[in-house]
Structures are given as structure tokens and as C-alpha cells.
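Below you'll find the structure, written out as C-alpha cells, and then a few comments.
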Amino acid sequence: TRELLISVFGDVPNVSVLAHRLHEITGGNPRDLLRLAQHLVDTNVVRYQTGTWSIPQRFRAGDLPLNMAQALKLRIAALDSDARDLVTALAYEPGRPFDFDECLLLTEHRDARRLARSLDELVRKGKLRSDRGEYSLDNEGLLSVLRDSVLPESEASIHLRLAEIFESRGMNSEAVDLLVTNAREGYRDAELFQAMARMYRQLGDEYLAASAALQATRLSGRH
């Protein structure tokens, strides 16, 4: 752990103190060590001043997380709200790449400039992978942390946006699977069933389309 931190910060004062504390938290896992080191830099606990890194001799309460789960939560909480909402939506399709326009569909604001700032922040902080104009999330540690923070109504909205993207890709079967899963898990959102009706209609299943449309009508209060 000490050697890895020296390769990052140099053999500066207090690097051994930091190595001891981070080893306790991460168990020496190199990936977690680097992520936690980045967190300390992002929160200005470890600073770069006059050409060298500065590590404190003592850490205040709250400077270091108790474990990696808490560390991941702190890193997510430190994100801009737009970036946090976007990476949360992407956590529902881990590993699948989305281009800029599709990422825009995943946002509520639909503002290209705000999206560009969010993508830049997420790539810079190692939350997203960028490859040839496409973005994906494949950090397994982040997935559960992100999903656990989502309210049911927000989760339904995320699935609707994903369904819209799959529909635009011509992936109707995947869009339907998403919507059916939500329906079975107990969501009571008229928009979900309206979307299901459109999907089934496109697939030529008029019976299921009519059933979904009827459920949407009941949920929206129309008789």
C-alpha cells in the first residue's frame, strides 16, 4: 500500500501514515486504494502545493470514510446534481454504451450544455468510461450505491427514458421487457402503461396493446 501511494504522491512526509489508514479501509485492494486516494484529492484532504503533494499528519473526523461503501457514497454525493442524476440512470444498464444524444434523453433537463459539463465531470473523475463518443458505466461498486439511492417514482422515470432510447434504436423487445418488469414489480404509473401500449402496438400485438392502454386509462383516473 505504501509503495502504491508513493507512486501516486511521491515519498512525501506522512505518506506512511496515510498508507496505514487506507490499508485499514481497503484491505490493500489497489483499485480501491486509487479510488480512495482520488477522493482525498477531490475533497482537498490531500493537496498539491508548490510542486509537491501535502498529506496531513492527522485526519479530522469525516476526512476518511469508515469503509469503501461509505467512500463510494461520499464520492457520489460530491458530484454535481446533473452528473449524479445521469450516472444513476446509466447504472440501470451497466456496461452498455450510450452516445451523446442518448445520454441527453436520459436527463430531465434535455440541455446539451449541461449534459456536456456532466459528462466531462464524470469522465474526469473516473465514474464513466468514454470510447469513441460513447459513454458507459462498468464500476460494479457504484451500481448498488447508485440504485439504492433512487426512489420508486424516479426509478420508473429512468426506465421510461431507457425504453425511449431502446425504441429509437429499434430494440422494441428490450424496451418492452423493461416496462413489463416495472409493471410486475408493482409500479402504478399511467405513463408506463401508455408506453407499453405504444410498444405492443408497434409489435403488432393488439390485444396486449389494448390491455396496457386500458390499465393506463384506469390509473390516470379516466373512465
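The values are calculated or read from the model by the stated rules, or taken from the named source; none is laboratory data. Remember, it's a predicted structure, so these values are computed and weren't measured experimentally. Note that each Cβ is placed from the backbone with ideal geometry, even for glycine, and that neighbours are counted across all protein chains shown. SASA here: full protein model, heavy atoms, side chains in, ligands and nucleic acids out. Shrake-Rupley method; radii C 1.70, N 1.55, O 1.52, S 1.80 Å.
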Checked pairs for the range 1-12, first assigned to a loop (DSSP other than H, G, I, E, B), second loosely packed, with under 14 Cβ neighbours inside 10 Å and of a type in the set (Gly, Ala, Ser), C-beta under 8 Å and 6 or more apart or across chains, list as 1/28
In the range 44-88, residues that are open to solvent by less than 20 Å² (accessible area, probe 1.4 Å), at pLDDT 90 or above and within 13 Å of residue 145 (Cα to Cα) total 2
Please work out if residue 11 is of a type in the set (Asp, Glu) and closer than 30 Å to residue 166 by Cβ. no
When restricted to 156, 91, 116, the only residue at pLDDT below 95, surrounded by 13 or more Cβ atoms within 10 Å (Cβ to Cβ) and over 15 Å from the mean Cα position of the chain (by Cα) is 156
The correct count of residues that are over 20 Å from the mean Cα position of the chain (by Cα) and loosely packed, with under 13 Cβ neighbours inside 10 Å in the range 29-43 is 1
